[in-house]
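Colleague: Once you've had a glance at the structure underneath, I'll fire off some questions.
The values are calculated or read from the model by the stated rules, or taken from the named source; none is laboratory data. Note that the coordinates shown come from a computational prediction; the quantities given were computed from them, not determined experimentally. Cβ sites come from the backbone with ideal geometry, for glycine too, and all protein chains shown count toward neighbours. Ligands, DNA and RNA are excluded from the accessible area calculation, which covers all protein heavy atoms including side chains. Shrake-Rupley method; radii C 1.70, N 1.55, O 1.52, S 1.80 Å.
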Amino acid sequence: MVQRPEKRVLTGADLKAFSKALANPVRRDILSYLGKHGEANSTSVAKALGESTGTTSYHLRKLADLDLIVELEHRGDGRERWWKSQAKDIYTPPGLELTPDEREAALKLGALKMSHDLGLVTRAYAGYDSADGWNQIYRSGLHLTKEQIVSFVEEYQNLVWKYVTEPGQHPEGSRAIAVRLVVVPEED
């Protein structure tokens with residue numbers, strides 16, 4: 001289990017930077033690779049992703065600028081830099097005042113995430129019977145107050161963090177699992 005880091009609030013300026021950075025598929029692939037393997041250098045990332053080391057070096061530095069990964073200075077030899085994914089608890093609180101371009105960046109980032117999530121849901125349903133229990137689908141409806149929603153989401157987040165492991169230190173026989181929670185009022 002990983003110690004839950006302090007929540008990082010994405011402000012308007014951060015949203016623009018994240019939207020731009022994560023719109024690039026190479027950066028998303030690098031984050032995924034580091035999340036699975038823990039530590040890597042630009043050469044190993046380039047080989048795994050079929051990219052040049054110059055390309056991966058550039059994107060690794062950009063991800064470090066966003067504090068999503070960190071350089072492992074003790075592993076470097078001066079020429080080859082090593083990187084590690086950082087466990088993050090990042091969110092944008094509701095009601096944040098945003099400029100129109102910041103709001104647009106937030107919507108683009110949300111659309112990018114939901115596009116990925118829609119693919120996950122489709123895959124989960126398509127392979128539900130043959131997944132040997134790996135795919136779990138559960139939907140429910142509740143009647144909650146705003147205070148109960150806040151409490152429910154906090155408990156959910158604490159439960160998720162109970163099972164988070166360090167990148168590259170995953171339990172034997174484990175698989176990367178996508179878990180999503182969407183809490184939204186039903187239409188009347």
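Colleague: Can you list residue pairs whose Cβ atoms sit under 7 Å apart, with the first residue in the stretch 90-112 being within 23 Å of residue 160 (Cβ to Cβ) and the second being aromatic (Phe, Trp, Tyr)? Count only pairs 6 or more apart in sequence or on different chains.
Modeller: 109/18
Colleague: Give just the number: which of (1) under 30 Å from residue 12 (Cβ atoms); (2) at pLDDT 90 or above; (3) surrounded by 11 or more Cβ atoms within 10 Å (Cβ to Cβ) does residue 53 not satisfy?
Modeller: (1)
Colleague: For the condition among the aliphatic types (A, V, I, L, M), in a helix (DSSP H, G or I) and at negative phi, what is the one hit in 164, 182, 150?
Modeller: Details: 164 fails: in a helix (DSSP H, G or I); 182 fails: in a helix (DSSP H, G or I).
Selected residue: 150, the only one of 164, 182, 150 that is among the aliphatic types (A, V, I, L, M), in a helix (DSSP H, G or I) and at negative phi.
Colleague: Would you confirm, using the coordinates I've provided, whether residue 61 is in contact with a helix residue (DSSP H, G or I) (Cβ under 8 Å, 6 or more places away or on another chain), open to solvent by 60 Å² or more (accessible area, probe 1.4 Å) and of a type in the set (D, E, K, R)?
Modeller: Working: in contact with a helix residue (DSSP H, G or I) (Cβ under 8 Å, 6 or more places away or on another chain): no; open to solvent by 60 Å² or more (accessible area, probe 1.4 Å): yes; of a type in the set (D, E, K, R): yes.
It is false that residue 61 is in contact with a helix residue (DSSP H, G or I) (Cβ under 8 Å, 6 or more places away or on another chain), open to solvent by 60 Å² or more (accessible area, probe 1.4 Å) and of a type in the set (D, E, K, R).
Colleague: OK, next. On the given criteria, is residue 32 among the hydroxyl-bearing types (Ser, Thr, Tyr) and more than 29 Å from residue 154 (Cα to Cα)? Please lay out each step first, then the result.
Modeller: On the way: among the hydroxyl-bearing types (Ser, Thr, Tyr): yes; more than 29 Å from residue 154 (Cα to Cα): no.
When the stated conditions are applied, residue 32 does not pass them.
Colleague: Also, quick follow-up: Going through the stretch 24-65 one residue at a time, which ones are hydrophobic (A, V, I, L, M, F, W, C) and over 13 Å from the mean Cα position of the chain (by Cα)? Steps first, please.
Modeller: First, pick out the residues of the stretch 24-65 that are hydrophobic (A, V, I, L, M, F, W, C): 26, 30-31, 34, 40, 45-46, 48-49, 60, 63-64.
Scanning the stretch 24-65 gives 26, 40, 45, 46, 48, 49, 60, 64.
Colleague: Would it be correct to say that residue 125 is more than 17 Å from the chain's Cα centre (by Cα), aromatic (Phe, Trp, Tyr) and in a helix (DSSP H, G or I)?
Modeller: On the way: more than 17 Å from the chain's Cα centre (by Cα): yes; aromatic (Phe, Trp, Tyr): yes; in a helix (DSSP H, G or I): yes.
Considered against the rule, which asks whether it is more than 17 Å from the chain's Cα centre (by Cα), aromatic (Phe, Trp, Tyr) and in a helix (DSSP H, G or I), residue 125 comes out as yes.
Colleague: Determine whether residue 21 is more than 28 Å from residue 163 (Cβ to Cβ), among the hydrophobic types (A, V, I, L, M, F, W, C) and open to solvent by less than 60 Å² (accessible area, probe 1.4 Å).
Modeller: On the way: more than 28 Å from residue 163 (Cβ to Cβ): no; among the hydrophobic types (A, V, I, L, M, F, W, C): yes; open to solvent by less than 60 Å² (accessible area, probe 1.4 Å): yes.
For residue 21, the condition - more than 28 Å from residue 163 (Cβ to Cβ), among the hydrophobic types (A, V, I, L, M, F, W, C) and open to solvent by less than 60 Å² (accessible area, probe 1.4 Å) - is not met.
Colleague: From the list 168, 141, exactly one residue is over 21 Å from residue 110 (Cα atoms) and in contact with a strand residue (DSSP E or B) (Cβ under 7 Å, 6 or more places away or on another chain). Which is it? It would help to see each step written out before you state the result.
Modeller: Working: 141 fails: in contact with a strand residue (DSSP E or B) (Cβ under 7 Å, 6 or more places away or on another chain).
Sole residue among the options that is over 21 Å from residue 110 (Cα atoms) and in contact with a strand residue (DSSP E or B) (Cβ under 7 Å, 6 or more places away or on another chain): 168.
Colleague: Confirm whether residue 171 is part of a loop (DSSP other than H, G, I, E, B), under 22 Å from the mean Cα position of the chain (by Cα) and closer than 24 Å to residue 15 by Cβ.
Modeller: On the way: part of a loop (DSSP other than H, G, I, E, B): yes; under 22 Å from the mean Cα position of the chain (by Cα): yes; closer than 24 Å to residue 15 by Cβ: no.
It is false that residue 171 is part of a loop (DSSP other than H, G, I, E, B), under 22 Å from the mean Cα position of the chain (by Cα) and closer than 24 Å to residue 15 by Cβ.
Colleague: I would also like to ask the following. Give me the pairs: first residue in the stretch 25-40 and on the phi > 0 side of the Ramachandran plot, second residue assigned to a strand (DSSP E or B) and open to solvent by less than 70 Å² (accessible area, probe 1.4 Å), beta-carbon distance under 8 Å, and six or more apart or on different chains, which are they?
Modeller: Qualifying pairs under 8 Å: 38/84; 38/85.
Colleague: Kindly establish whether residue 122 is out of contact with any Ser or Thr (no Cβ under 7 Å at 6 or more places or on another chain), polar (S, T, N, Q) and modelled with pLDDT of 95 or more.
Modeller: Answer is no for this residue.
Colleague: Against the condition part of a loop (DSSP other than H, G, I, E, B), touching a Lys or Arg at 6+ places or on another chain (Cβ under 7 Å) and either on the phi < 0 side of the Ramachandran plot or modelled with pLDDT under 90 (or both), how does residue 176 come out, does it pass? Spell out the reasoning first.
Modeller: Values: part of a loop (DSSP other than H, G, I, E, B): yes; touching a Lys or Arg at 6+ places or on another chain (Cβ under 7 Å): yes; either on the phi < 0 side of the Ramachandran plot or modelled with pLDDT under 90 (or both): yes.
For residue 176, the condition - part of a loop (DSSP other than H, G, I, E, B), touching a Lys or Arg at 6+ places or on another chain (Cβ under 7 Å) and either on the phi < 0 side of the Ramachandran plot or modelled with pLDDT under 90 (or both) - is met.
Colleague: Suppose we keep only residues that are among the hydroxyl-bearing types (Ser, Thr, Tyr) and surrounded by 13 or more Cβ atoms within 10 Å (Cβ to Cβ) within the stretch 79-116. Which one would you say is nearest to residue 28 (Cα to Cα)? It would help to see each step written out before you state the result.
Modeller: Taking the stretch 79-116 first, the residues among the hydroxyl-bearing types (Ser, Thr, Tyr) are 85, 91-92, 99, 115.
Those still in the list that are surrounded by 13 or more Cβ atoms within 10 Å (Cβ to Cβ) too: 85, 92.
Working: 85: 12, 92: 19 Å.
If we take residues in the stretch 79-116 being among the hydroxyl-bearing types (Ser, Thr, Tyr) and surrounded by 13 or more Cβ atoms within 10 Å (Cβ to Cβ), then 85 is nearest to residue 28 (Cα to Cα).
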